[in-house]
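Encoded as structure tokens, the structure appears first; notes follow it.
Nothing in this text is a laboratory measurement; each read-out follows from the coordinates by a stated rule. From a predicted model like this one, the values you see are computed outputs, not experimental measurements. Here the Cβ positions follow ideal geometry from the backbone for every residue, glycine too, while neighbour counts run over all protein chains shown.
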Amino acid sequence: MRLIIFGPPGAGKGTQAGLLEERQDLVQISTGDIIREAMKNETPVGKEAKSYVESGELVPDEVVRKLAENAIADEDYDDVVLDGYPRTTQQAEWLTTFMEEHDIAIDAVLSLEVPDDVIVERLSRRRVHEETGETYHLDHDPPPEDVDSDLIVQREDDQPETVRTRLSVYREETQPLEDYYAERDLLVSIDGQGDIDEVYSRIESALDTRVAPPEA
Ligand code: ADP
Ligand code: ADP
């Protein structure tokens, strides 16, 4: 199965993609995680991406294209959940071409719908583990007590001003992909409000009706 998980910053894409990895044996491919890792290791891509990420802008399409395509190829083009990719019309078109070239297809685009006030609350309370990249929420998904609290930090781009930039970049550049995928009959809207397991159950039911089981 190949899925895209789509939605504004803070909608819960990473959280739900992580659960799909755990429970459906999909491999989560998060361009955000790949880019942050590259920044941490100060690779050429990381150095190029840094100023964009920190200001809340998108990293140039060309850079992200290679990262995403290589990650999909590493999984033999199978059983992936793309988290945070594509994010522009050009990225979506490239992905469509890439899939066609490899004779594969996306099964569904799960669009997590969450109002702005909930997004702002979720991002202001999001914390990450500096070393593992694991994501938490101070109230809804707190770090376990045995985790060293000094390693639990707020992402630089989760500061309120950068969140505002990311939301407006999302509206301008990423939201139009809803139409792109609706026209291709792939878009599945999921209510992203409520607790984490409730949202996951909605995803599971949507997949049950949407993605046909393999033929016996
Ligand atoms: P969030 O999950 O909060 O939406 P991500 O962790 O997915 O944020 O992404 C963090 C940042 O990494 C983005 O603001 C952007 O700068 C960069 N990024 C991630 N994915 C892409 C992409 N597909 N295209 C361009 N930039 C990206
Ligand atoms: P995204 O990848 O879309 O930016 P995340 O998965 O990182 O979003 O979630 C943003 C924040 O909200 C994190 O702190 C996460 O723990 C929390 N979160 C995710 N889903 C829910 C939910 N259903 N209810 C409450 N908090 C949530």
Karplus couplings for segment 81-88 from phi (6.51 cos²θ - 1.76 cosθ + 1.60, θ = phi - 60°), rounded to Hz, Gly and Pro as x?
10, 7, 10, x, 9, x, 10, 9
Whole-Hz Karplus couplings 3J(HN,Hα) for segment 187-203, θ = phi - 60° and coefficients 6.51, -1.76, 1.60, Gly and Pro as x, run 6, 10, 7, 10, 5, x, 8, x, 6, 4, 6, 5, 5, 4, 4, 5, 5
Name the GluC sites (Glu not before Pro) in segment 64-135 that are in a loop by DSSP and that have at most 14 other C-beta atoms within 10 Å, would you?
75, 130, 131
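Using only the alpha carbons of segment 96-216, what is the convex hull's orientation-averaged projected area in square nanometres?
Average projection, Cα convex hull of segment 96-216: 10.8 nm².
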For segment 13-58 the GluC sites (Glu not before Pro) that pass both the DSSP coil test and the at-most-12 other-Cβ-within-10 Å test are 42
Treat every Asp and Glu Cβ in the chain as -1 and every Lys and Arg Cβ as +1, leave all other atoms uncharged, and give the resulting dipole magnitude about the Cα centre to the nearest 20 debye.
600 debye
Value of D in µm² per second that Stokes-Einstein yields for the chain, Kirkwood Rh from Cα pairs, at 37 °C (0.692 mPa s)
184 µm²/s
